[in-house]
Amino acid sequence: MVALSKQEYYLFQHYIARKCGIKLDDTKAYLVESRLAKLLIDSKCENFSELLLLLETNSDANIEIKVIDAITTNETYWFRDPGSWKIITEEWLPQKITEIKKRKNVKIRVWSAAASTGQEIYSLVILISEYLKNNEISDVSIDDFEFIATDISTHVLTIARRGRYDPITIMRGLKADLRDAYFDRERTAWVLKEEYRKRVRFEQFNLQNSFIFWGKFDLIFCRNVLIYFTDALRSEVFEKAAHVLKPEGFLLIGAAEIYYSMEDYFQKNITSYGTYFKVKEATK
Ligand SMILES: C[S@@+](CC[C@H](N)C(=O)[O-])C[C@H]1O[C@@H](n2cnc3c(N)ncnc32)[C@H](O)[C@@H]1O
């Protein structure tokens, strides 16, 4: 394998921070070296300096996309962090159902802001469908919700849009009865049924950009992505999220994440299942 020099790693650290806001500390050189090894071969570069030159000169339009796809950590699974889903079923969803019943024609809007391969937003589509069915709620339907899911990586979005998962991926966090009810089997793979897949709009989006374009949301998932960001970008994301979250909206972050910087914009709501955040009065 071609070795990554200290100087080359330094240049990659800066490149990645600039393009994605991801902070790679000095212990992550091995990660960059191994994740970019295949790309180095595919792009016929002899060493990492040649790859850096390609990035700098923009001579291959796809190279930036490929580097971002290779560097980002896309780990995800169905119904990740049980507490988040309990908060949704016990607190958020009942409130939204009451709201829909009162004011028809208003869509409840959800954003999965670092969607990866789609398990997070599709888990929500499944959860809402199950809730409505199990509670025999017939005057509210999944059509009353709008689902938007974004990620910086185009590769994960392609997988998410297809909704097609291999036998290992489908098992991670998803019960067999839900798998059988919501997915069709295609040889060894499982494909989310079209009627659920079509509910979600997947778009490429960098959290470094302005959020205003997306409109206001009733629920934002920003889970397990902020941990990779620089402190400056993390604070910026909190500020921007506070401006696109409705006054009664919920923000969910990862179960293991704690950021004091979000307290400027959000009020913490601790439940027995976990914590969710609402916009602070002054930010509304
Ligand atoms: C670890 S996954 C989390 C997936 C899901 N939210 C979950 O909790 O299971 C983090 C995702 O954040 C995305 N990401 C990283 N930097 C980003 C940025 N600047 N803008 C948007 N998405 C980003 C990565 O591509 C990756 O798919």
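Since every read-out is calculated from the coordinates, none of them should be taken as a lab result. Predicted model only: the values in this text are computed from it and were never measured. When we count neighbours, we look across all protein chains shown, and the Cβ atoms used for this are built from the backbone with ideal geometry, even at glycine.
Mean residue ellipticity at 222 nm from the helices of the chain, using -39,500 (n - 2.57) per DSSP H segment of n ≥ 4 over the full residue count, to the nearest 500 deg cm²/dmol? Value at 222 nm, helices only: -12500 deg cm²/dmol. The residues packed around ILE170, meaning those with a beta-carbon under 10 Å from its beta-carbon, carry a net charge of +3 if Lys and Arg are +1 and Asp and Glu are -1.
Listed from fewest to most Cβ neighbours within 10 Å, the set MET1, MET262 follows the order MET1, MET262.
Summarising the strand pairing of the chain, around 45 percent of its internal DSSP beta bridges are antiparallel. Count Lys and Arg as plus one, Asp and Glu as minus one, and take only other residues whose Cβ is under 9 Å from that of GLU120; the net charge is then +2. Summing Cβ point charges (Lys, Arg +1; Asp, Glu -1) relative to the Cα centre of the chain gives a dipole of roughly 680 debye.
In plain terms, the residue of GLU130, GLU46 with the fewest other Cβ atoms within 10 Å comes first and the most crowded comes last, giving GLU46, GLU130. Size descriptors for region 54-167: radius of gyration and Dmax over Cα atoms are 17.7, 59 Å.
Close amide H contacts of PHE229 (hydrogens built in the peptide plane, cut-off under 5 Å, sequence separation of 5 or more or a different chain): LYS23. Taking the average, over residues, of other Cβ atoms within 10 Å as the packing measure, peptides 146-154, 37-45, 77-85 rank 146-154, 77-85, 37-45 from highest down.
Give me the percent of DSSP beta bridges within region 138-281 that run antiparallel, rounded to the nearest 5. Expressed as a percentage, antiparallel bridges in region 138-281 total about 55. Here is the tail figure for region 151-284: Cα pairs spaced more than 19 Å apart come to 60 percent of all pairs. Could you work out the local net charge near TYR276, counting Lys and Arg as +1, Asp and Glu as -1, over the other residues with Cβ closer than 10 Å to its Cβ? Once all neighbours under 10 Å are counted, the net charge is +1.
Using the Cα gyration tensor of region 6-71, with a ≥ b ≥ c the square roots of its eigenvalues, what is the shape: rounded (a/c below 1.5), prolate (a/b larger than b/c) or oblate (neither)?
Prolate.
Averaged over residues, the count of other Cβ atoms within 10 Å places the peptides 88-100, 194-206 in the sequence 88-100, 194-206, highest first. If you model region 213-284 as an ellipsoid using its alpha carbon gyration tensor, with each semi-axis the square root of five times an eigenvalue, the axes come out at 17, 15, 12 Å, biggest first.
A Cα-only calculation for the chain places Rg and Dmax at 20.3, 64 Å.
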